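Written out below as structure tokens is the structure these notes cover.
A short reminder: the numbers here are calculations on the coordinates, not readings from a lab. These figures come from a predicted structure and were not determined experimentally. Please note: Cβ atoms are built from the backbone with ideal geometry, for glycine as well, and neighbour counts cover all protein chains shown.
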Amino acid sequence: MPVAMPRAILFDLDGTLADTAPDLAAALNRLRTERGLAPTPYALLRPVASAGARGLIGAGFCLMPSEVGYEELRIGFLDHYAAALAVETRLFGGVAALLQSLDERGLAWGIVTNKAARFTDALLPQIGLQAAGCVISGDTTAYAKPHPAPLLEAARRLQLAPQDCWYVGDDLRDIQAGQAAGMPTVAAAWGYCGQVEPLHWGADAMLGAPLDLLSLLDRNRS
């Protein structure tokens with residue numbers, strides 16, 4: 001990763017900093033249960049958790065956003081999620097130590113997620129992420145990832161040039177957004193990763209665990 005040392009690290013939320021899949025899957029299955037359907041196996045829902053309502057409803061009901069009935073399911077799913085969004089959600093192992101180390105090194109860190117602000121703002125204090133230097137949700141700007149607008153807004157709020165920020169995410173659209181914003185990108189292979197292997201995303205680096213980011217920073221410094 002022959003790029004300059006960052007002045008800030010930006011992170012995706014779902015599947016990168018926090019393991020939110022259990023509560024997302026539970027909301028989807030409550031939606032199925034109230035319609036008299038059996039729960040969808042968690043193993044089928046976890047890989048699509050980073051795609052939010054679109055991914056989960058697609059996996060649980062085989063409906064895409066353009067199809068009849070999708071919007072009703074989306075509203076129901078989000079209502080179920082809002083009612084119980086921090087029951088089983090936890091930070092991934094090593095994340096708390098990683099963020100503490102970034103603070104100690106004087107590196108700013110922030111969150112750029114496609115999760116709507118109504119959920120982001122409620123969730124972050126419950127899982128210990130309220131100290132983020134900036135928080136950009138899916139509806140903060142006019143566009144969501146993979147558009148670069150959310151990442152550019154994060155850099156603006158941190159008063160940094162985009163190239164001074166690294167973006168870490170567990171979905172192809174995270175890497176696409178970072179590249180479009182002119183940021184070095186890091187694929188979080190410990191996350192959900194969707195249907196495409198991180199090896200093929202074209203990220204500048206791929207890491208297997210959150211604390212590996214510190215080793216990457218140290219290698220880049222030398």
Which one is right for this structure if Cα extents along the principal axes in Å is calculated from it: (1) 55, 38, 31; (2) 69, 33, 31; (3) 59, 30, 30?
(3)
Cα-based Rg and Dmax for region 21-83, in Å, come out at 10.2, 27
Counting DSSP beta bridges in the chain, what percent are antiparallel, to the nearest 5?
10
Would you please give the FRET efficiency between Gln159 and Ala131, computed as 1/(1 + (r/R0)^6) with r the Cβ-Cβ distance and R0 = 22 Å, to the nearest 0.05?
0.80
So which residue, out of Tyr192, Tyr42, Tyr167, gets the largest mean-square fluctuation from a GNM of the chain using Cα contacts under 10 Å as springs?
Tyr42
At most 16 other Cβ atoms within 10 Å plus a DSSP loop assignment makes a site exposed; report the longest stretch of the chain without any exposed GluC sites (Glu not before Pro).
89-222
For the chain, what's the relative contact order in percent, using C-alpha pairs closer than 8 Å and at least 6 residues apart?
26
Could you list the trypsin sites (Lys or Arg not before Pro) in region 74-166 that lie in coil according to DSSP, counting only those with at most 14 other Cβ atoms within 10 Å of their Cβ?
Arg105
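Given 37 °C and 0.692 mPa s, compute D for region 177-222 with the Stokes-Einstein relation, Rh being the Kirkwood radius over Cα pairs; round to the nearest whole µm²/s.
287
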Dividing the convex hull volume of the alpha carbon atoms of region 106-222 by its residue count, what do you get in Å³ per residue?
111
From phi via Karplus (6.51, -1.76, 1.60), per-residue ³J(HN,Hα) for region 129-135 in Hz, x at Gly/Pro
10, 6, 8, 4, x, 7, 9
Nothing charged except the Cβ atoms of Lys and Arg (+1) and of Asp and Glu (-1): what's the magnitude of the dipole of the chain about its Cα centre? Round to the nearest 20 debye.
100
With r defined as the distance between the Cβ atoms of Arg219 and Leu199 and R0 fixed at 22 Å, what FRET efficiency is calculated, to the nearest 0.05?
0.70
